[in-house]
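> What follows is a structure written as structure tokens; I'll ask about it next.
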Amino acid sequence: MIPFHRPAIGDAERRAVVAALDSGWLSMGPRVRDFEDAFGTAVRAQEAVAVSSATAGLTIALEGRKRVAVPTYTFAACGAAVLHAGAKLVLVDVGEDYLIADVPDRCDAVMPVHFAGRRARVEWGGRLVVEDAAHCVPGPLGGDVAVYSFYATKPLTTGEGGMIVTHSPEIADRARIMRLHGMSAGAWDRYAGGSWRYSVEAAGWKANMTDPAAAMGMVQLLRQGELLAARTRIAAQYDAAFVDTPVQVPPTSESWHLYVVRVPDRDRVADALAARGIGTSVHFIPLHLHPYYQSLGWRPGDFPVAERLYAESLSLPIWPGMTEGQVAEVAEAVLGALGVPA
Ligand SMILES: *Cc1c(COP(=O)(O)O)cnc(C)c1O
């Protein structure tokens, strides 16, 4: 059995979480503050605001936008965030590189998705750019705002979690209020400052991070060099195994969060690997092919490039603890399913 993913959690994460539990402060407190400072420094952003998920972070970052362009080739979170923010969703097709290619003039915001850790264009002529950076932790901030995910399968995990980063103190201050009930100060500030006072300034969300989660995130951040090196080694081994075969390997990635190949008969390959106990996944079923988005009027055929990529794409296991033997076994199973002689 080779699972699609296994998180890289070790003794250092365990010790950090236990220390957070023993501190007596379980909600958002000093460890969240420290993690924000360290993460902001790592992505070279002036401001970092920890949240409960990237989905919540995207929703908060899009407040007040009217029309937001989102590539259809992405995860459900992106479409839902636009709609929860009260904006109109404008789905667009992607290029052959899986990245957002064009944005209609009428959009006042753009959400480039750095698919599989490849940088999408972030210059969109004066419109607010909110990057979905879920796949390129902890790459640098490129647009106005970037939102990272620390979901269990992501390169840096806190179980569930996310981070909004920006150079703008105004955007960051608003995010700090909106992640916690629209309140002017969090419980830790009130506790540390010895005051019970707060004022509610908006109908905010409940989307803060917790201290035990931040403690795990801090350790994962410090381990990014080691974890990325492991994923890079696996990608190189796959690349070598697929040379001169019908398997089209991905171009390079900043994070190697995913290793997405293009194969002629994706479903047959996925089934063959499943039959051998090898987990795979497909990133992504384009948004406009889901029932909910079809109920909003989109139809199959609307975004031909995304549909073609979707039909051929398969994500292979690429988690830091994989052995050379396991990577070889996955590659051999893919080639076997395609009838390529070993
Ligand atoms: C994982 C992911 C998200 C959502 O992240 P959460 O932290 O689970 O909300 C958003 N966009 C993309 C591209 C993702 O892969």
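> Among Gly117, Gly161, which is the only one that is under 14 Å from Asn208 (Cβ atoms) and at pLDDT 95 or above? Lay out the reasoning, then the answer.
Numbers: Gly117 fails: under 14 Å from Asn208 (Cβ atoms).
The conditions single out Gly161.
> Okay, next question. Looking at the structure I just gave you, is Arg176 out of contact with any Asp or Glu (no Cβ under 6 Å at 6 or more places or on another chain), modelled with pLDDT of 95 or more, more than 16 Å from the ligand (Cβ to nearest atom) and within 26 Å of Ala16 (Cα to Cα)?
yes
> Just for region 11-38: of the residues that are β-branched (Val, Ile, Thr) and within 25 Å of the chain's Cα centre (by Cα), which one is surrounded by the most Cβ atoms within 10 Å (Cβ to Cβ)? I'd like the intermediate steps shown before the answer.
Initially, region 11-38 is screened for residues β-branched (Val, Ile, Thr), giving 17-18, 32.
Imposing the further condition that a residue be within 25 Å of the chain's Cα centre (by Cα) reduces the set to 17, 32.
Numbers: Val17: 21, Val32: 28.
So, considering only residues that are β-branched (Val, Ile, Thr) and within 25 Å of the chain's Cα centre (by Cα), the one surrounded by the most Cβ atoms within 10 Å (Cβ to Cβ) is Val32.
> Checking Phe4 against (1) under 16 Å from the mean Cα position of the chain (by Cα); (2) assigned to a loop (DSSP other than H, G, I, E, B), which test does it fail?
Just one mismatch for Phe4, condition (1).
> Can you pull out the residues in region 316-333 that are assigned to a helix (DSSP H, G or I), buried (at least 20 other Cβ atoms within 10 Å of the Cβ) and of a type outside the set (Gly, Ala, Ser)?
Correct list: Val327, Val330.
> Quick one: count up the residues across region 129-139 that are within 12 Å of the ligand (Cβ to nearest atom) and either of a type in the set (Asp, Glu) or outside any loop (DSSP other than H, G, I, E, B) (or both).
Selection size over region 129-139: 3.
> Next question, about the same structure. Restricting attention to region 70-100, which residues are in contact (Cβ under 8 Å) with a residue 40 or more places away in the chain, over 19 Å from Ala56 (Cα atoms) and of a type in the set (A, V, I, L, M)?
Leu91, Val92, Val94
> Please enumerate the residues belonging to region 140-158 that are assigned to a loop (DSSP other than H, G, I, E, B), closer than 22 Å to Pro317 by Cβ and either more than 10 Å from the ligand (Cβ to nearest atom) or of a type in the set (Gly, Ala, Ser) (or both). Spell out how you get there, then give the answer.
Our first condition is that a residue be assigned to a loop (DSSP other than H, G, I, E, B); within region 140-158, this holds for 140-144, 150-158.
If we keep only those that are closer than 22 Å to Pro317 by Cβ too, we end up with 150-158.
Ala152, Pro155, Leu156, listed by residue number.
> For region 286-315, how many residues meet the condition of being crowded, with 19+ Cβ neighbours inside 10 Å, in contact with a His (Cβ under 8 Å, 6 or more places away or on another chain) and either in a loop (DSSP other than H, G, I, E, B) or at pLDDT below 95 (or both)?
2
> May I ask you to verify whether Val260 is within 16 Å of the ligand (Cβ to nearest atom), closer than 25 Å to Arg308 by Cβ and either touching a helix residue (DSSP H, G or I) at 6+ places or on another chain (Cβ under 6 Å) or in a loop (DSSP other than H, G, I, E, B) (or both)? Write out each step before concluding.
Details: within 16 Å of the ligand (Cβ to nearest atom): yes; closer than 25 Å to Arg308 by Cβ: yes; either touching a helix residue (DSSP H, G or I) at 6+ places or on another chain (Cβ under 6 Å) or in a loop (DSSP other than H, G, I, E, B) (or both): yes.
It is true that Val260 is within 16 Å of the ligand (Cβ to nearest atom), closer than 25 Å to Arg308 by Cβ and either touching a helix residue (DSSP H, G or I) at 6+ places or on another chain (Cβ under 6 Å) or in a loop (DSSP other than H, G, I, E, B) (or both).
> Against the definition (basic (Lys, Arg), under 23 Å from Pro250 (Cβ atoms), more than 14 Å from the ligand (Cβ to nearest atom) and modelled with pLDDT of 95 or more), how does Arg14 come out, yes or no?
no
The values are calculated or read from the model by the stated rules, or taken from the named source; none is laboratory data. Just so it is clear, the structure is predicted and the values come from calculations on it, not from any experiment. For neighbour counting, all protein chains shown are included, and Cβ atoms are generated from backbone atoms with ideal geometry for every residue, glycine included.
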